[in-house]
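Coordinate-derived values only; no laboratory data. Note that this is a predicted model, so its numbers are computed, not measured. Cβ atoms come from the backbone with ideal geometry, glycine included; neighbour counts cover every protein chain shown.
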Amino acid sequence: MSTKDFVDVEIIDGGDTVVVKFEGADCRVVGVMMSRRVMQGMVRALADLTVEAEPRKQPGA
């Protein structure tokens, strides 16, 4: 799924389920439902990837 923007997040089912809404490349808003546990794992993985993708500073720069 190609996305261009984060729209919203909603907690349902007494806090067990997360609905994340994105705007797609076609400008439609789509929602992805997942358990809170899965969402936490996804956030950790995205944070790790973000750190890995940061440009490395050269020594002496």
query: Where does the chain land at 222 nm, in deg cm²/dmol rounded to the nearest 500, when only DSSP H runs of n ≥ 4 count, each adding -39500 (n - 2.57), divided by all residues?
result: -10000 deg cm²/dmol
task: Please give the helix 36-53 orientation as an angle from the longest Cα principal axis of the chain, in degrees from 0 to 90, rounded to the nearest 10.
output: 20 degrees
Positive-end residue of THR3, PHE22, GLY41, charge dipole of the chain with Cβ unit charges: GLY41
- prompt: Roughly how big is the chain's charge dipole about its Cα centre, with Cβ charges of +1 (Lys, Arg) and -1 (Asp, Glu), in debye to the nearest 20?
  reply: 220 debye
- prompt: Under the classification rounded if a/c is under 1.5, otherwise prolate if a/b is larger than b/c and oblate if not, where does the chain fall, given a ≥ b ≥ c as square roots of the Cα gyration tensor eigenvalues?
  reply: oblate
